[in-house]
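Right, one structure below, let's go through it.
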Amino acid sequence: MRVAAVQGGSVTQRFARGVRLGVDVGQVRVGVAKCDPDGILASPVVTVPRDQAAGDDGTPKDMTELARLVAEHEATEVVVGLPVALNGREGVAAGHVRAYAERLAAVLAPVPVQLTDERMSTVVASRRLSERGVKGKRQRAVVDQAAAVEILQGWLDARRRQA
């Protein structure tokens with residue numbers, strides 16, 4: 001299994017160049033963001049409908065689409081947001097995301113899948129969209145992408161601070 005929890009500042013490593021995808025896993029949609037090869041700026045890519053059922057090959061369609069996006073963008077790593085409570089504990093949602101990340105890691109191998117604390121990413125994304133005048137149905141359509149941007153940008157910034 002290639003899922004690694006990245007929740008703190010204890011891992012110090014040199015940042016290798018390469019595009020990363022950020023993923024916000026929801027019950028209904030999966031938001032996807034990507035960064036430039038230098039890992040400076042995350043930007044939105046797409047929102048993928050969540051598929052609980054497996055496709056013809058046994059892989060859910062959303063994971064097949066993520067694999068396609070990894071190949072298209074030549075991603076070197078995928079960063080999945082782990083919903084941790086404000087008190088630092090993991091609840092039921094975190095368990096679902098961990099299971100999703102494990103399955104995704106099997107689909108994407110050898111591309112590694114990392115978990116990172118996504119505390120408040122959707123709240124921050126919604127607030128930023130509202131500040132830009134994006135509301136209602138338009139906001140629901142892109143909030144998952146915006147949350148994926150928040151997740152990936154936070155992860156990138158943390159890597160830079162460690163270097």
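Structure notes:
- Here the 3J(HN,Hα) profile of the range 78-95, calculated from phi with Karplus coefficients 6.51, -1.76 and 1.60 at θ = phi - 60°, is 10, 10, 9, x, 9, x, 9, 5, 4, 7, x, 8, 9, x, 4, 4, 5, x Hz, Gly and Pro shown as x.
- Counting 0.36 nm for each residue step from residue 93 to residue 162 and taking away their Cα separation leaves a gain of 22.0 nm.
- A simple count of charges around residue 48, restricted to other residues whose Cβ falls under 9 Å of its Cβ and scoring Lys, Arg +1 and Asp, Glu -1, yields -1.
- Length gained on full extension, residue 52 to residue 85: 9.5 nm, using 0.36 nm per residue less the C-alpha separation.
- Converting phi to 3J(HN,Hα) with the Karplus coefficients 6.51, -1.76 and 1.60 and the offset θ = phi - 60°, the range 32-45 yields 10, 10, 9, 10, 6, x, 8, x, 9, 9, 8, 9, x, 10 Hz in sequence order, with x at every glycine or proline.
- Less than 5 angstrom separates the built amide H of residue 79 from those of 21, 22, 23, 114, all sequence-distant by 5 or more or on a different chain.
Rule-based calculations on the coordinates, nothing more; no lab input. Fair warning: this is a prediction, and the values are worked out from it, not measured in the lab. Every residue, glycine as well, gets a Cβ built from its backbone with ideal geometry; the counts of neighbours run over all protein chains shown.
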